[in-house]
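Below is one structure; the comments refer to it alone.
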């Protein structure tokens, strides 16, 4: 599941990065981003069900640290303002990467 979350975060970041480069496809890109964030929200919700006490630490744009349950994070992924304010995609990416099993 963590690899799927990482893949989705990577995809969202790549499409977002390329959004300004491709004006003719920007409407498609925005639709993709909305769908991808919705998919990621579902992944976070499912992970939260199996790990109800798990929290995601985020540092907002102002530098303040905040902690949210995975269920709260999944709800925030439907709010573009929260995604940007809390740098959610990068923070989810960091969280999932830290939980990947380390190769021996």
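Assorted remarks:
- Residue 53-residue 87 FRET efficiency (beta carbon distance; Förster radius 35 Å; 0.05 resolution): 0.90
- Cβ crowding within 10 Å, taken as a proxy for footprinting-reagent exposure, orders 75, 14 from fewest neighbours to most as 14, 75.
- Normalised by the number of residues in the chain, the mean separation of alpha-carbon contacts (under 8 Å, six or more apart) gives a relative contact order of 32 percent.
- Nearest 10 degrees, 0 to 90: helix 88-99 Cα axis against the chain principal axis: 40 degrees
- Mean ellipticity per residue at 222 nm, deg cm²/dmol - from DSSP H runs of n ≥ 4 across the chain, formula -39500 (n - 2.57): -20500 deg cm²/dmol
Where a number appears in this text, it was derived from the coordinates with a stated rule and is not lab data. This one's a predicted model, so the numbers in the text were calculated from it and none came from an experiment. Using ideal geometry, Cβ is built from the backbone for each residue, glycine included, and neighbour counts are taken over all protein chains shown.
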